[in-house]
Amino acid sequence: GYVFNIEAGKQALRNINSLALFSNIEVNPRPDEKNEGGIIVEIKLKELEQKTAELNTEWNIVPGRGGYPTLASLEPGGTVTFEHRNLGGLNRSILGSITTSNFLNPQDDLAFKLEYVHPYLDGVYNPRNRALRVSCFNSRKLSPVFTGGPGADEVPPIWVDRAGVKANITENFTRQSKFTYGLVVEEITTRDERSHVCSNGQRVLPNGGVSEDGPPTTLSGTGIDRVAFLQSNITRDNTKFVNGAIVGQRNVFQVT
């Protein structure tokens, strides 16, 4: 019984797309045979698979004898990802990933991330439209600080391990502008090449030994820091497409 409005239809499609629940959306307007001049709009939806899992493997290839490519190792590395969408029919989801360079013997380089997303925190019809996101993670990266630098002798590398939990709440003011605030708790550990906790930078002695008399690798001086901090950011976005070009302003303010 409403007046047909193409813009209202586009807004409905944007709302459906924002749910991230459907792989295909079709809109089929057709004349209403019972009401002259009326239009019936049918929307056909194809839901994504609720449970998915994916395995990506990789092998390193190096030049072999005669210049032919060969595998550097028979040990496969890669990433396993999984996702469970629309828990309880409320669009909540759990997703995770595990990454390692050796699936046959995953050890210190094993990295993981597990995330839970809870939209409509205050109810489906609440205009605040807040969403909760909780994740736990770990990662390992080579420290860019403890290096020999240009023209200096190489020093043993220092690895930085991070493991922690992050929780934040996002409140959408408009379709593009939002406010996010949350808490991060993590443990930061610095390690040497043998995965031992390393509290100071290292250098190689002339006799081939290793000396740990460099600067401290963490703020505590023990090689292990435990930190907790609050963070928030506000995104104000009024950009739009005009004749294929983006016009408007987008401002992001972040406090940690």
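The values are calculated or read from the model by the stated rules, or taken from the named source; none is laboratory data. Since the structure is predicted, the reported quantities are computational estimates derived from the model, not experimental observations. Counting neighbours? That spans all protein chains shown, and the Cβs are built from the backbone with ideal geometry, glycine included.
Which condition does Ala111 not pass, out of (1) at pLDDT 90 or above; (2) closer than 20 Å to Phe82 by Cβ; (3) not charged (D, E, K, R), if it passes all the others?
Looking at each condition in turn, Ala111 falls short on (1).
Test of understanding: among Ser195, Ser135, Ser220, which residue is at pLDDT 90 or above and in a loop (DSSP other than H, G, I, E, B)?
One residue alone meets the criteria, Ser220.
Taking the stated definitions as given, is Ile169 closer than 30 Å to Val117 by Cβ, in contact with a Leu (Cβ under 6 Å, 6 or more places away or on another chain) and in contact (Cβ under 8 Å) with a residue 40 or more places away in the chain?
Yes, satisfied.
If you take the residues in the range 89-119 that are polar (S, T, N, Q) and surrounded by fewer than 16 Cβ atoms within 10 Å (Cβ to Cβ), which one is nearest to Ile169 (Cα to Cα)?
Gln107
Can you name every residue in the range 217-256 that is among the hydroxyl-bearing types (Ser, Thr, Tyr) and in contact (Cβ under 8 Å) with a residue 60 or more places away in the chain? So that I can check it myself, show each step before the final result.
First pass over the range 217-256, keeping only residues among the hydroxyl-bearing types (Ser, Thr, Tyr): 217-218, 220, 222, 232, 235, 239, 256.
Within the range 217-256, Thr217, Thr239 qualify.
Could you tell me which of the residues Gly164, Gly182 is in contact (Cβ under 8 Å) with a residue 40 or more places away in the chain, small (Gly, Ala, Ser), surrounded by 14 or more Cβ atoms within 10 Å (Cβ to Cβ) and assigned to a strand (DSSP E or B)? Write out each step before concluding.
Numbers: Gly164 fails: in contact (Cβ under 8 Å) with a residue 40 or more places away in the chain.
One residue alone meets the criteria, Gly182.
Could you tell me whether any residue of the range 89-105 is assigned by TED's automatic domain parsing to the domain that holds Glu75 and within 30 Å of Arg203 (Cβ to Cβ)?
There is at least one residue in the range 89-105 that is assigned by TED's automatic domain parsing to the domain that holds Glu75 and within 30 Å of Arg203 (Cβ to Cβ).
Can you name the number of the only condition in (1) more than 30 Å from Thr170 (Cβ to Cβ); (2) within 31 Å of the chain's Cα centre (by Cα); (3) of a type in the set (Gly, Ala, Ser) that Ser211 fails?
For Ser211, the exception is condition (2).
Please find, within the range 21-67, the residue that is modelled with the lowest pLDDT out of those that are under 29 Å from Phe103 (Cβ atoms) and β-branched (Val, Ile, Thr).
Val62
From Gly208, Gly201, Gly223, Gly214, grab the single residue that is loosely packed, with under 14 Cβ neighbours inside 10 Å and farther than 30 Å from His118 by Cβ.
Gly208
Looking at (1) within 30 Å of Pro76 (Cα to Cα); (2) in contact with an Asp or Glu (Cβ under 8 Å, 6 or more places away or on another chain); (3) assigned to a loop (DSSP other than H, G, I, E, B), which one does Gln176 not meet, given that it meets all the others?
For Gln176, the exception is condition (1).
Could you tell me which residue of the range 18-63 is nearest to Ala131 (Cα to Cα), considering only residues that are among the β-branched types (Val, Ile, Thr) and under 24 Å from the mean Cα position of the chain (by Cα)?
This residue is Thr52.
Examine the range 208-216 for a residue that is out of contact with any strand residue (DSSP E or B) (no Cβ under 8 Å at 6 or more places or on another chain), part of a loop (DSSP other than H, G, I, E, B) and either farther than 30 Å from Arg250 by Cα or touching a residue at least 12 places away in the same chain (Cβ under 8 Å) (or both), and state whether such a residue exists.
Yes, the range 208-216 contains a residue that is out of contact with any strand residue (DSSP E or B) (no Cβ under 8 Å at 6 or more places or on another chain), part of a loop (DSSP other than H, G, I, E, B) and either farther than 30 Å from Arg250 by Cα or touching a residue at least 12 places away in the same chain (Cβ under 8 Å) (or both).
Phe146 is checked against (1) crowded, with 16+ Cβ neighbours inside 10 Å; (2) part of a strand (DSSP E or B) and fails just one. What number does that condition carry?
(2)
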